[in-house]
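Throughout, read-outs are computed from the coordinates displayed, never taken from laboratory work. For clarity, every value in this text was computed on a predicted model and none was experimentally measured.
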Amino acid sequence: MLRWSLGRLDWHYVASGKPVQGAFVESFNRRLRDECLNEHVFLSLAEARVTIQA
């Protein structure tokens, strides 16, 4: 993943002892899982991408 992300993403790590720094991402992941991933069965990665982007 690190090799793929070079030049595409900036890495920001959560500081040790500071779990609040990851709250936005954790909230997004929870909502995506609750509203989309738990409601659909995907047969392929392409199908998942179409459903999530819709």
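Here are the numbers for this structure:
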{"item": "Volume in Å³ per residue [convex hull over Cα atoms, computed for the chain]", "result": "128 Å³"}
{"item": "With Cα atoms, 0 to 90° folded angle of helix 23-32 axis to the chain main axis", "result": "10 degrees"}
